[in-house]
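Q: Structure provided below as structure tokens; questions to follow.
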Amino acid sequence: MTEYLSFDDVLDDLMLEEDHPNPEALARWQQRYPRYRDSLASFFATWAHQESLSDQPEPKIDEEKIVRKGVDYALAILRKQGRLISPESIGPLSERDQLVLTAVYLLGGSGYPVSIALKVGEMQGKRPLLGSVLASLESLDRKGLILPRTADSVTEPEHVGIRDYYVVTMAGSRALAHAKETSTVVARFLPDFA
């Protein structure tokens with residue numbers, strides 16, 4: 001029956017029976033499974049080497065330092081590319097822009113100008129002009145607070161080439177957090193927004 005065992009099966013049995021690699025154990029297993037003599041010798045050598053390494057203390061790794069360096073490097077690249085938007089460059093947002101930004105956030109990437117206008121109307125309690133919403137969307141896009149995205153050809157095939165949806169950027173999230181602190185209307189619709 002032992003002649004039908006694969007080397008993996010032999011290793012499974014070996015690991016159940018042996019605690020440490022030693023020459024006596026190797027000799028026993030080579031005698032029991034002569035077919036795997038060389039493979040067992042190689043396995044025992046690797047096992048012994050790994051055990052000798054496990055006795056050494058693991059090197060200390062400063063994960064926070066590595067993360068800090070990675071973030072600093074990424075920010076340096078973004079600065080070089082001109083893609084990092086400073087809070088000063090955004091400037092204060094009008095009440096209308098704050099409401100439109102909030103509506104874009106609340107619609108979670110599925111907002112297009114008409115649905116955004118409806119959401120703003122729901123927040124204000126009165127229907128806004130679509131033109132003013134479009135102007136706000138253009139202003140927010142220019143400031144890098146939102147990004148338009150085209151309809152997905154798989155999940156939204158009926159809207160491809162017809163409709164642009166909007167999503168809030170990271171800079172837009174920061175502006176939204178500021179708007180929440182300064183506007184009671186925005187704060188009412190974003191109670192869980194951090």
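Q: For region 129-151, give me each residue that is touching a residue at least 24 places away in the same chain (Cβ under 8 Å), surrounded by fewer than 18 Cβ atoms within 10 Å (Cβ to Cβ) and touching a Ser or Thr at 6+ places or on another chain (Cβ under 7 Å).
A: 144 - this is the single residue of region 129-151 that is touching a residue at least 24 places away in the same chain (Cβ under 8 Å), surrounded by fewer than 18 Cβ atoms within 10 Å (Cβ to Cβ) and touching a Ser or Thr at 6+ places or on another chain (Cβ under 7 Å).
Q: Identify, by number, the condition in (1) at pLDDT 85 or above; (2) assigned to a helix (DSSP H, G or I); (3) surrounded by fewer than 18 Cβ atoms within 10 Å (Cβ to Cβ) that residue 88 doesn't meet.
A: (1)
Q: With the requirement that a residue be out of contact with any Leu (no Cβ under 7 Å at 6 or more places or on another chain), closer than 14 Å to residue 147 by Cα and in contact (Cβ under 8 Å) with a residue 24 or more places away in the chain, what does region 96-106 give you?
A: 104
Q: Here's another thing I want to ask about it. Select from region 96-128 the residues that are among the charged types (D, E, K, R) and surrounded by 15 or more Cβ atoms within 10 Å (Cβ to Cβ) and write down the one among them that is nearest to residue 173 (Cα to Cα).
A: Selected residue: 97.
The values are calculated or read from the model by the stated rules, or taken from the named source; none is laboratory data. Remember, it's a predicted structure, so these values are computed and weren't measured experimentally. A quick note on method: Cβ atoms are made from the backbone with ideal geometry, for glycine too, and the neighbour counts reach across all protein chains shown.
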